[in-house]
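Written out below as structure tokens is the structure these notes cover.
Taken together, the values in this text are just the output of simple stated rules run on the coordinates, not laboratory data. Given the structure is predicted, the values throughout are model-derived calculations rather than measurements. All Cβ positions, glycine included, derive from the backbone under ideal geometry; neighbour counts span all protein chains shown.
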Ligand SMILES: Nc1ncnc2c1ncn2[C@@H]1O[C@H](COP(=O)(O)OP(=O)(O)OP(=O)(O)O)[C@@H](O)[C@H]1O
Ligand SMILES: [Mg+2]
């Protein structure tokens with residue numbers, strides 16, 4: 001199963017924005033996408049205006065009580081795009097995982113038990129911390145996409161994340177098939193942004209997605225209105241950049257032209 005985790009240690013780098021946008025664009029192109037909102041903040045679920053129904057199983061139920069993951073899926077307003085939303089019980093997911101055997105592998109196991117799933121890609125939005133919830137997302141994903149801002153702290157946190165990935169990879173014998181770093185919210189007119197981009201190219205060149213997502217207020221506005229930017233402002237900088245990133249993901253992960 002094709003699975004992509006969008007994760008950075010640093011908060012506010014655009015993980016949720018990019019998860020939502022890639023989900024929208026790829027689903028619009030005809031790919032069947034399952035989003036999983038692993039962040040207890042539930043921002044991805046908020047964008048899609050979805051909550052778990054009171055009578056259905058949830059991500060929490062699937063990971064803690066072995067409920068079927070398939071039954072936690074909720075449709076969105078968009079064709080080909082479904083989501084496992086975050087509910088209030090996700091606030092306690094990390095705590096509940098601590099007592100479970102094989103606690104880092106619960107999402108991977110639940111996804112495997114749910115096969116065959118009718119999706120081309122599972123896209124997981126992860127909160128910016130190193131909890132057991134994060135471990136579950138990382139263990140379940142085959143590809144990792146790390147959004148970074150062109151600033152010093154993003155750069156430093158990238159260094160920490162790569163060291164962490166190496167250490168955990170050795171400990172758990174899991175390695176991603178691909179790891180990509182995506183520069184987000186860049187403003188090429190700011191000299192510091194250009195400098196930081198050069199530093200990222202120098203030290204992380206082979207991991208960099210060859211596209212960047214430029215800073216664009218249209219994206220913020222679209223997200224606030226809970227509508228895809230590709231729909232509200234298809235010619236905007238953000239829509240065009242995100243489509244290029246989606247194309248990159250399509251070429252590298254889905255290996256397929258638009259169905
Ligand atoms: N390319 C962009 N241009 C302008 N604003 C952006 C861009 N990408 C993200 N943002 C804005 O940056 C803020 C943080 O984005 P987002 O919530 O997606 O980050 P995050 O990494 O998911 O945060 P958290 O760590 O809290 O989960 C939001 O207000 C979002 O609208
Ligand atoms: Mg987020």
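Structure notes:
- Highest-first arrangement of 80-87, 50-57, where packing means the average Cβ count within 10 Å: 80-87, 50-57
- Label-zone membership for the stretch 73-105, site residue 112, 7 angstrom Cα→C-beta point, backbone N under 12 Å: 105
- Tail weight of P(r) past 20 Å, computed on alpha-carbon pairs of the stretch 124-184, percent: 21
- When peptides 155-164, 198-207, 32-41, 233-242 are ranked by their average number of other Cβ atoms within 10 Å per residue, the highest-first order is 32-41, 233-242, 155-164, 198-207.
- Euclidean distance between Cα centres, the stretch 42-63 to the stretch 1-19, Å: 18
- Result for the chain in a Gaussian network model with C-alpha springs under 10 Å: among 190, 214, 70, the largest mean-square fluctuation is at 190.
- Cβ-derived FRET efficiency at R0 25 Å, residue 244 paired with residue 49, nearest 0.05: 0.40
- Beta-bridge orientation, the chain: approximately 5 percent antiparallel, per DSSP, counting only bridges with both partners inside.
- Estimated translational diffusion coefficient (Stokes-Einstein, Kirkwood radius over Cα pairs, 4 °C, 1.567 mPa s) of the chain: 70 µm² per second.
- Counting 0.36 nm for each residue step from residue 159 to residue 103 and taking away their Cα separation leaves a gain of 17.5 nm.
- Peptides 131-139, 113-121 ranked from most to least packed give 131-139, 113-121, packing being the mean of other C-beta atoms within 10 angstrom over each peptide's residues.
- Gyration tensor verdict on the stretch 101-158 (Cα atoms; rounded if a/c is under 1.5, prolate if a/b is larger than b/c, oblate otherwise): oblate
- For the chain, adding -39500 (n - 2.57) for each run of n ≥ 4 DSSP H residues and dividing by the number of residues yields -12000 deg cm²/dmol at 222 nm.
- Length released on extending from residue 232 to residue 92, taking residue separation times 0.36 nm less the Cα-Cα span: 46.8 nm
- The Cα atoms of the stretch 158-259 give a gyration tensor whose axes a ≥ b ≥ c have a/c of 1.5 or more with a/b no greater than b/c, which makes the shape oblate.
- Of the residues 91, 180, 24, the one with the fewest other Cβ atoms within 10 Å heads the list, and the complete ranking is 91, 180, 24.
- The stretch 1-153 shape via C-alpha gyration tensor axes, a/c threshold 1.5: rounded
- When 216, 109, 125 are arranged by Cβ crowding within 10 Å, least crowded first, meaning fewest neighbours, the order is 109, 216, 125.
- Largest mean-square fluctuation among 63, 130, 22, in a Gaussian network model of the chain whose springs join Cα atoms under 10 Å apart, belongs to 130.
- Using a Gaussian network model of the chain in which every pair of alpha carbons under 10 angstrom is joined by a spring, one finds that among 185, 177, 106 the greatest mean-square fluctuation is at 177.
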